[in-house]
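Engineer: Please find one structure pasted underneath; my questions will follow.
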Amino acid sequence: MSDLSLRFEYELQFFAKEGEGGEKTEEPTGKKLNDARKEGQVAKSQEFASSFTLLAMFLLLRIWTSTLGRQLGELFRGFYGRIPYFTGLPAYTDNTREFSTLVTIAIERVVIIILPYLLAGFVVSFVADLVQVKWAPTSKPLKPKFSKLNPINGIKRIFSLNKLVELLKSIIKIVVMVIIIYNEIRDQWPILFALYDMPLMQAVVLAGRMLIDIGFKISLVFVVIAFADYAFQKWKFHEDMKMTKQEVKEEYKSTEGDPQIKGKIKQRMMEASRRRMMRDLPKADVVITNPTHYAVALQYDKEIAEAPFMVAKGADYMAQKIKDAAGEYGIEIVENKPLARSLYANVEIGEEIPEELYVAVAEVLAIVYRNTGRI
């Protein structure tokens with residue numbers, strides 16, 4: 001029994017996503033969101049565009065029903081009036097060409113009449129998609145993916161949260177349609193019975209208005225469902241884009257570089273900077289110390305800079321190395337704790353000292369020049 005349970009538990013691992021290294025608790029990074037967008041993965045509700053398109057179409061029908069009906073009626077009467085012409089021709093007459101031309105003209109006229117409605121639907125659908133995902137055209141979602149042929153992934157899609165939500169939306173839509181149609185027919189029941197006694201055109205107009213009202217009310221509810229679905233899709237997309245701690249580390253390595261490698265590079269750069277600093281140390285005029293924690297080396301050369309500038313500096317172990325090298329090169333070492341700390345904290349190697357330290361450094365240089373006989 002235990003072997004069976006262990007084997008079953010192991011098989012469940014096939015349902016885990018590849019590359020997951022733990023629970024997805026981290027917020028998606030900008031890079032992952034940009035990469036997903038390039039792949040065509042965005043928070044988008046299919047209901048959004050279709051519901052607004054449906055609403056726009058029924059709204060246009062409510063506004064221009066009379067115009068549309070008049071145009072189609074005139075078209076029907078015009079071509080219906082041509083029927084006697086064809087029936088009156090002799091039996092041996094080949095009227096195929098004339099009839100084909102008539103049908104072609106009829107189709108063209110119908111297309112011209114309904115074209116504004118089709119264009120309005122296209123514009124509304126395009127704008128609805130643009131509002132959701134902005135402008136990011138890509139053809140990558142159209143490319144075939146062999147991962148979709150994986151039966152395990154197919155089973156997961158069947159029993160996924162998205163499929164459950166789609167089923168729930170379909171049920172809600174059916175219930176909404178049934179309720180709206182029932183209420184509309186119940187309220188218009190006397191009129192429906194009276195249609196048999198009305199003239200044909202009047203009956204068609206009343207029935208058309210009833211259908212348009214039903215469609216308009218249904219589309220309004222569908223718009224509400226679309227907003228709810230869009231909110232769900234945004235939440236679901238955000239949850240799917242979340243990353244594990246390992247994924248964040250891997251992304252950081254790929255974009256910023258391996259921290260260990262960066263640390264080694266930084267260490268080598270510091271070592272090179274120290275070697276260069278120690279190479280320039282013999283040019284210094286004085287080394288000012290803390291005396292144990294800090295050591296800074298200054299040089300004053302009017303041909304190089306207008307004020308004394310930092311040649312080298314170091315703390316603790318490096319401070320001791322600077323003092324040892326100063327002893328070897330015969331550079332004067334002056335102990336001045338506050339000046340050494342201030343120079344170490346505020347001046348970088350190669351920079352001139354700030355104006356507020358001119359007097360203090362000048363006094364030190366005067367002592368050094370006096371001791372070395374330079375003044």
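Engineer: If you average the alpha carbon positions of the stretch 180-236 and of the stretch 329-375, how far apart do those two centres end up, in angstrom?
Structural biologist: If we compute the Cα centre of each part, the gap is 91 Å.
Engineer: Still on this structure, please answer the following. Once you've got the Cα coordinates, tell me which of Lys24/Lys264; Lys38/Lys163; Lys38/Lys264; Lys249/Lys321 are over 28 Å apart.
Structural biologist: Violating the 28 Å limit, Cα to Cα: Lys24/Lys264; Lys38/Lys264; Lys249/Lys321.
Engineer: List residues of the stretch 287-318, by number, whose backbone nitrogen lies under 18 Å from a label position 7 Å along Cα→C-beta of Gln267.
Structural biologist: 317-318
Read-outs throughout are calculated quantities, based only on the coordinates presented, and are distinct from any laboratory measurement. The shown structure was predicted, so the numbers you read here are calculated from the model rather than taken from an experiment. For neighbour counting, all protein chains shown are included, and Cβ atoms are generated from backbone atoms with ideal geometry for every residue, glycine included.
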